[in-house]
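Colleague: One structure, pasted below without further comment.
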Amino acid sequence: GLLARGGWRPDPDRVLFAGGGRQAIAAAIAALVPPGGRLGAEELTYPVLRSVAGRLGVEVVPLAVDGRGVVPQAVAEAHRTAPLRAVYLQPAVHNPLGLVTPPRRLAELADVLDRLGVAVVEDAVWAFLRDVPPLAALLPERTVVVDSLSKRLAPGLTVGYAVAPRALAPAVAAALRSGGWGPARFALDAAGRWWAEGAVEEIVRAKRRDASARREIAARRLEGFAVGGDPSSYFCWWELPRPWRADTFVAAAARHGIAVTPAAAFAADGLRAPHAVRLALASPPPDVLARALDTLAALARSGPEEACAE
């Protein structure tokens, strides 16, 4: 089916429809975390999460991340400080880090969450780029998988999904209704038609090829720098060389007409962030992307004082 991957297939009876990925996230959090409750999230995460949690009166608790994803011990320590009602995670093609959590780490994380009795909101919006099993395959009764068609197909096709286990489905459905977060009929009909005609699978295959090709361009143009992220992702995470700071690098890039996003935009607590930037690779034509990356590489090598003197 549309949401299946890595051998995991959701029960069709457990699929709830939302107006988009953001609405699905909001409904899942509203269903799992009461006002004043604590929601764990990767220390660098999808920026909209903070605004959604703030509107719901939910505290976002940063969880340490390494090169394999969320550190399981960080979840246990945060829960020991004060109980977490749920965690929001992006195990496959994490935004902004581009990480794909390997199977062993995923199993360790599932064991900790199951032992602690913590529910999961698993954001799979970018996961279509990698055919790997979700965390929900290991924690089916604790995990609400949220997804949408905006990245997979087109930004204007605003259909979101929440795959909820039987015990949690009524609360998620009630949150969707009370929040007015349901889908538009036109978007649902269009999505159904595209799927039936095979267009969805064709577009996904094309986007996987395109993302890999763009990451190859980035790997060549930024060779020698600390650039991370899975080769399948449409973005990469660049830990800037000293003495660059993220804010000054963003400003220097902007003077060349290039927009990059500082790490601070993704900090779960809105405060702590490394001197790094996210590079979005999807939009420019490949030749424009290559030239922009060459410009950024030259900036990084020149240093902030030389860049400011230009």
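The values are calculated or read from the model by the stated rules, or taken from the named source; none is laboratory data. None of the values given here were measured: they were computed from a predicted structure. Positions of Cβ are generated from backbone atoms using ideal geometry, with glycine treated the same way; all protein chains shown enter the neighbour counts. Please note that ligands, DNA and RNA were not included when accessible areas were found on the heavy atoms of the full protein model with its side chains. Shrake-Rupley method; radii C 1.70, N 1.55, O 1.52, S 1.80 Å.
Colleague: Considering only the stretch 180-225, state which residues are out of contact with any Ser or Thr (no Cβ under 8 Å at 6 or more places or on another chain), more than 21 Å from LEU279 (Cα to Cα), part of a loop (DSSP other than H, G, I, E, B) and open to solvent by less than 80 Å² (accessible area, probe 1.4 Å).
Modeller: Answer for the stretch 180-225, where residues must be out of contact with any Ser or Thr (no Cβ under 8 Å at 6 or more places or on another chain), more than 21 Å from LEU279 (Cα to Cα), part of a loop (DSSP other than H, G, I, E, B) and open to solvent by less than 80 Å² (accessible area, probe 1.4 Å): GLY180, TRP181, GLY182, GLY198.
Colleague: Restricting to the stretch 231-260, and then to whatever is out of contact with any helix residue (DSSP H, G or I) (no Cβ under 8 Å at 6 or more places or on another chain) and in a loop (DSSP other than H, G, I, E, B), can you tell me which residue is most open to solvent (accessible area, probe 1.4 Å)?
Modeller: The extreme case among them is ARG242.
Colleague: Please work out which residue is modelled with the lowest pLDDT, limiting yourself to the stretch 139-157 and to residues that are of a type in the set (Gly, Ala, Ser) and in a loop (DSSP other than H, G, I, E, B). Full working, then the answer.
Modeller: Taking the stretch 139-157 and keeping what is of a type in the set (Gly, Ala, Ser), we get 148, 150, 154, 156.
Remaining after also requiring in a loop (DSSP other than H, G, I, E, B): 150, 154, 156.
Values: SER150: 88, ALA154: 83, GLY156: 80.
That would be GLY156.
Colleague: Being in contact with an Asp or Glu (Cβ under 8 Å, 6 or more places away or on another chain), closer than 25 Å to ARG177 by Cβ and buried (at least 23 other Cβ atoms within 10 Å of the Cβ) narrows it down to one of ILE25, ILE29, so name that one.
Modeller: Matching residue, one of ILE25, ILE29: ILE25.
Colleague: When you look at ALA136, is it over 21 Å from ALA263 (Cα atoms) and assigned to a helix (DSSP H, G or I), yes or no?
Modeller: Values: over 21 Å from ALA263 (Cα atoms): yes; assigned to a helix (DSSP H, G or I): yes.
Spelling it out, ALA136 is indeed over 21 Å from ALA263 (Cα atoms) and assigned to a helix (DSSP H, G or I).
Colleague: Quick one: count up the residues across the stretch 69-89 that are touching a helix residue (DSSP H, G or I) at 6+ places or on another chain (Cβ under 8 Å), open to solvent by 10 Å² or more (accessible area, probe 1.4 Å) and either under 22 Å from ALA26 (Cα atoms) or charged (D, E, K, R) (or both).
Modeller: Total meeting the criteria: 2.
Colleague: Oh, and also: Could you check how many residues of the stretch 228-250 are among the aromatic types (Phe, Trp, Tyr) and over 12 Å from ARG214 (Cα atoms)?
Modeller: Number satisfying all stated conditions: 4.
Colleague: Considering the stretch 35-67 alone, what residues qualify as being assigned to a loop (DSSP other than H, G, I, E, B), buried (at least 17 other Cβ atoms within 10 Å of the Cβ), touching a helix residue (DSSP H, G or I) at 6+ places or on another chain (Cβ under 8 Å) and free of Cβ contacts under 8 Å to residues at least 60 places away in the same chain?
Modeller: Hit for the stretch 35-67 is VAL58, nothing else.
Colleague: Hey, ALA167 hits all of (1) out of contact with any helix residue (DSSP H, G or I) (no Cβ under 8 Å at 6 or more places or on another chain); (2) touching a residue at least 24 places away in the same chain (Cβ under 8 Å); (3) farther than 27 Å from GLY69 by Cβ but one; which does it fall short on?
Modeller: So the condition that ALA167 fails would be (3).
Colleague: Condition test on GLY6, is it more than 17 Å from the chain's Cα centre (by Cα), open to solvent by less than 40 Å² (accessible area, probe 1.4 Å) and within 28 Å of ARG177 (Cα to Cα)?
Modeller: Working: more than 17 Å from the chain's Cα centre (by Cα): yes; open to solvent by less than 40 Å² (accessible area, probe 1.4 Å): yes; within 28 Å of ARG177 (Cα to Cα): no.
No: the conditions fail for GLY6.
Colleague: Is there a residue being modelled with pLDDT of 95 or more, out of contact with any strand residue (DSSP E or B) (no Cβ under 6 Å at 6 or more places or on another chain) and under 23 Å from SER148 (Cβ atoms) anywhere in the stretch 73-84?
Modeller: Checked against the condition, which is being modelled with pLDDT of 95 or more, out of contact with any strand residue (DSSP E or B) (no Cβ under 6 Å at 6 or more places or on another chain) and under 23 Å from SER148 (Cβ atoms), the stretch 73-84 yields no hits at all.
Colleague: Tally time: how many residues in the stretch 159-178 are in contact with a strand residue (DSSP E or B) (Cβ under 9 Å, 6 or more places away or on another chain), assigned to a helix (DSSP H, G or I) and of a type in the set (Ser, Thr, Tyr)?
Modeller: 0
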